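The values are calculated or read from the model by the stated rules, or taken from the named source; none is laboratory data. Since the structure is predicted, the reported quantities are computational estimates derived from the model, not experimental observations. Backbone-built Cβ (ideal geometry, glycine too); neighbour counts: all protein chains shown.
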């Protein structure tokens, strides 16, 4: 499931923010604010919500993924420039993986380390007073991970993702994503008899992703959710050819808020159900934590 964990880390280190609207204009019928301002928003796990940070608020997001003995931690920090109209963020991840089975992978084989870094920019195109919120994201992928051990791509990349948020009523909000990723000169490795990595191929890769989620505001500070994500990937085979691979995740979960003065803390948990090429692979555990102080 290393492929699935890489997908989760890539998604998590691109994530999002909470923002409250202070506009005094009377909300339009059918707009987000027409149904009132929720206590919790923009605290999803896998799906990107179409909110940016408001002025003076910086969000710190931590995601913890546990999958069959493997562990991934992803951290994202989001910064308004200078308000919710524009936002910069960066994401980093750290993985601790089980050693692959087989004699080739000896004690010198690296199984933990940092992944690739993501630097994100999000301009707000439509806000809470419109029929739907719309925010695109433009991301630079920096090859900071150890590609020789499966902890990164080994090449520079770019990613585009479109996030749309539509509130259906006072209790239900939906979020919709579609994106494209391109990596230049991604590395593929084979391993010598002593376990030493040897780069064998260098190929350009591209990925497409779609996703959606439904948030149920059960109580002012407690939400239930279900998320769906599919990624349509290209992988480098042992012979150097590009092969298609599809990863799908269905993630039921919950989140709740704790307000301490000017700080909002939002923990959450999900149980991702993972599929590979249309076949059930396994389930994992996803833990979410957002700390959002107003400076």
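Summary table
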item	result
One residue from 231, 281, 294 being buried (at least 18 other Cβ atoms within 10 Å of the Cβ), more than 19 Å from the chain's Cα centre (by Cα) and at negative phi	281
Residue within the stretch 207-222 that is more than 30 Å from residue 38 (Cα to Cα) and in a strand (DSSP E or B) present	yes
Search result, residues across the stretch 250-264 that are closer than 22 Å to residue 56 by Cα and surrounded by 15 or more Cβ atoms within 10 Å (Cβ to Cβ)	257, 264
Residue list for the stretch 127-159, restricted to those being surrounded by fewer than 20 Cβ atoms within 10 Å (Cβ to Cβ), in a strand (DSSP E or B) and touching a residue at least 40 places away in the same chain (Cβ under 8 Å)	134
Filter pass, residue 247 being surrounded by fewer than 20 Cβ atoms within 10 Å (Cβ to Cβ) and part of a strand (DSSP E or B)	no
Output for the stretch 112-126, where each listed residue is farther than 30 Å from residue 71 by Cα and in a loop (DSSP other than H, G, I, E, B)	124, 125
Yes/no for residue 84 being touching a residue at least 12 places away in the same chain (Cβ under 8 Å), crowded, with 24+ Cβ neighbours inside 10 Å and either within 24 Å of residue 220 (Cα to Cα) or more than 20 Å from the chain's Cα centre (by Cα) (or both)	no
Hits in the stretch 167-177 - residues which are within 17 Å of residue 29 (Cβ to Cβ) and touching a residue at least 60 places away in the same chain (Cβ under 8 Å)	167, 169, 170, 173
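Every residue, every condition in (1) at pLDDT 90 or above; (2) touching a strand residue (DSSP E or B) at 6+ places or on another chain (Cβ under 6 Å); (3) over 24 Å from residue 154 (Cβ atoms), yes or no:
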| position | (1), (2), (3) |
| --- | --- |
| 206 | yes, yes, no |
| 212 | yes, yes, yes |
| 215 | yes, yes, yes |
| 221 | yes, yes, yes |
| 230 | yes, yes, yes |
| 238 | no, no, no |
| 245 | yes, yes, no |
| 252 | yes, yes, yes |
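Matching residues to (1) part of a strand (DSSP E or B); (2) surrounded by 24 or more Cβ atoms within 10 Å (Cβ to Cβ); (3) without any contact (Cβ under 8 Å) to a residue 40 or more places away in the chain; (4) over 12 Å from the mean Cα position of the chain (by Cα):
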position	(1), (2), (3), (4)
46	no, yes, no, no
54	no, no, yes, yes
60	yes, no, no, yes
71	yes, no, yes, yes
